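Have a look at the structure below before the remarks.
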Amino acid sequence: MVKQLIVGDTKQELASTRRMLERLPDEHMTWRPHEKSMTLGGLATHLINLLNWQMAILQYLDFDLSAVPLRREALEKRADILDEFDTNVRKVEMMLTECDEKTLGEEWTLRHGDHIIRQEPRAIAFRTFGLSHMVHHRAQLGVYLRLLDIPVPGIYGPSADEEA
C-alpha cells in the first residue's frame, strides 16, 4: 500500500511540475524577483536536481550533503530543462517500479558530514525531502510566473488563468 501511495503521488506531482516547466520563458531565465531569490532558470534547475535527490533516496541508504558538488549552473533554455526533467522522471519512475515495500521501509539518513540532519524510512524521506520539497519549489515557480504575467497552469484544479 505504501508503494501505491508513493507511485500515485509521484506521477501526479511530476506531471504537474512538468506543466509548470512548460511555461518557462527563455527570455526571462536570468530574472529573479528579489536579490536573495534564485533566478527563474536556477529555480527550474533546482527542480531537476530534486529528481536527483529522489533517485538518491531510492538508491542509497545515506545521503551526505557535504559530498554534493556546489550548486550547478542554471540551465538557460526551456527545451534543455524539459529534456533533463523528462530523462530524470523516467529514471525515478523506473526506480519506483523496481523497489518494493521492504526497500521503502529501510532507514534512510540525510547528513552533512558527521551531522545527521534526519533519519527516517525511505518512503517518508522520499515523500518529504524529495516530493514535498519539489512541490514547495514548484509553488515558488508559480509565483515567479505570476509576477512575469505568464499564465499559471492549474495544479489541483483550475488556476486563475484557466476556466473551471
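When the test is whether a residue is acidic (Asp, Glu) and not in a helix (DSSP H, G or I), ASP86 does not pass it. The combined condition, being assigned to a loop (DSSP other than H, G, I, E, B) and either on the phi > 0 side of the Ramachandran plot or open to solvent by less than 80 Å² (accessible area, probe 1.4 Å) (or both), is not fulfilled by VAL92. For region 32-55, which positions are open to solvent by 10 Å² or more (accessible area, probe 1.4 Å) and over 12 Å from LEU141 (Cα atoms)? Scanning region 32-55 gives HIS34, GLU35, LYS36, ASN49, ASN52, TRP53, MET55. Check whether at least one residue in region 78-89 is open to solvent by less than 20 Å² (accessible area, probe 1.4 Å), of a type in the set (D, E, K, R) and under 19 Å from HIS46 (Cα atoms), and report yes or no. No. Close contacts from region 33-59, counting a first residue that is more than 27 Å from GLU120 (Cβ to Cβ) and a second that is modelled with pLDDT of 95 or more and β-branched (Val, Ile, Thr), with Cβ to Cβ under 7 Å and a gap of 6+ residues or different chains, come to THR39/THR30; GLY41/THR30; ALA44/ILE81. Scanning region 128-164 for residues that are within 16 Å of LYS11 (Cα to Cα) and of a type in the set (Ser, Thr, Tyr), we see that the one that is nearest to the chain's Cα centre (by Cα) is SER132. If only residues of region 95-147 that are acidic (Asp, Glu) and either free of Cβ contacts under 8 Å to residues at least 60 places away in the same chain or touching a Gly at 6+ places or on another chain (Cβ under 9 Å) (or both) are counted, the one that is surrounded by the most Cβ atoms within 10 Å (Cβ to Cβ) is GLU120.
Might you let me know whether region 7-15 holds any residue that is open to solvent by 50 Å² or more (accessible area, probe 1.4 Å), among the polar types (S, T, N, Q) and within 13 Å of ARG138 (Cβ to Cβ)? Yes: region 7-15 contains one or more residues that are open to solvent by 50 Å² or more (accessible area, probe 1.4 Å), among the polar types (S, T, N, Q) and within 13 Å of ARG138 (Cβ to Cβ). Is one or more of the residues making up region 17-24 assigned to a helix (DSSP H, G or I), in contact with a strand residue (DSSP E or B) (Cβ under 8 Å, 6 or more places away or on another chain) and either open to solvent by less than 60 Å² (accessible area, probe 1.4 Å) or under 17 Å from LYS91 (Cβ atoms) (or both)? Within region 17-24, not a single residue is assigned to a helix (DSSP H, G or I), in contact with a strand residue (DSSP E or B) (Cβ under 8 Å, 6 or more places away or on another chain) and either open to solvent by less than 60 Å² (accessible area, probe 1.4 Å) or under 17 Å from LYS91 (Cβ atoms) (or both).
The values are calculated or read from the model by the stated rules, or taken from the named source; none is laboratory data. This structure is a prediction, so every number in the text was calculated from the model and none was measured. Positions of Cβ are generated from backbone atoms using ideal geometry, with glycine treated the same way; all protein chains shown enter the neighbour counts. SASA here: full protein model, heavy atoms, side chains in, ligands and nucleic acids out. Shrake-Rupley method; radii C 1.70, N 1.55, O 1.52, S 1.80 Å.
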